[in-house]
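Each reported figure results from applying straightforward, stated rules to the coordinates on display, with no laboratory input. The structure displayed is predicted, hence computed values, not measured ones. Here the Cβ positions follow ideal geometry from the backbone for every residue, glycine too, while neighbour counts run over all protein chains shown.
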Amino acid sequence: MADINDQTRLAVLIDADNAHAKHLDALLVEIAKFGTASVRRAYGDWTSTQLNPWKPLLLEHSVQPIQQYSYTHGKNATDSALIIDAMDLLHAGHVDGFCLVSSDSDFTRLAARIREQGLRVLGFGERKTPGPFVAACNTFVYVENLARADESSATPAKEPLDQDKRLGSLLIEAVDASTRDDDWAHLGEVGSNLSRLASDFDSRTWGFSKLKDLMSAHPDYEVRHQANSDGRQTPVMVRRKPAKKGR
């Protein structure tokens, strides 16, 4: 599977009937972290007034609108058009990965098919996105986290970090898998493990812009980051705090 870098060509395919135009600016900024959006398309019935909020943004960000009429009530023609175009792009071999912007489970099989071909799939949708579609992507980003990143201050977690069972399970497995003989683990390796364990893992979900900040705030972990004698920074290390001995 290709590495993600500035030279990675990404096809950004947006289900405009399902996604919100207000997230487009932050969405493209996020996608730029993974590569270059060489293909930008938004699918929907552009004769509908419901898509009016998209129209000025499409021109501003050079996103190509793809017209798809709703021929039959109850049938999502937009999904079909997006899937067909995605398969054409996949077989043409001109892109290295796909960004699927939708909260619709109908794209689950498409994401899985692209991954089978060895390309990376980045999903972007609301927190209501069904689990199978989230799991089918290599990385899934909730658009609520993109909106949170625009706020002046981080939104605190809804519950104490050490009471979040899912977070606790993920951190234990990710840290333990990278722990060395001295009980410390490289934070970068921990982050990679978390991405493999859960495609939707994102420290912003808990109100932290970086994994280091999340780990530092978690009462069960400690983070070490110091400079060598020559001033060079050492890798950020993390470990589970030793269990307190009873008196």
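Counting other C-beta atoms within 10 Å, which of Met237, Met215 has the fewest, and how do the rest follow?
So the residues, fewest neighbours to most, are Met237, Met215.
For the chain, give the share of DSSP beta bridges that are antiparallel, in percent and rounded to the nearest 5; count only bridges with both residues there.
Looking only at bridges with both residues in the chain, the antiparallel portion is about 20 percent.
Could you count how many Lys pairs in the chain have their Cα atoms under 25 Å apart, skipping same-chain pairs fewer than 8 positions apart?
25
Considering only DSSP beta bridges where both residues belong to the stretch 1-70, give the percentage that are antiparallel (nearest 5).
In the stretch 1-70, DSSP labels about 0 percent of beta bridges as antiparallel.
Can you pull the semi-axes for the chain, root of five times each eigenvalue of the Cα gyration tensor, sorted largest first, whole Å?
38, 19, 17
Once every DSSP H run of n ≥ 4 in the chain is given -39500 (n - 2.57) and the sum is divided by its residues, what mean residue ellipticity at 222 nm do you get, rounded to the nearest 500 deg cm²/dmol?
It comes out at -9500 deg cm²/dmol, rounded to the nearest 500.
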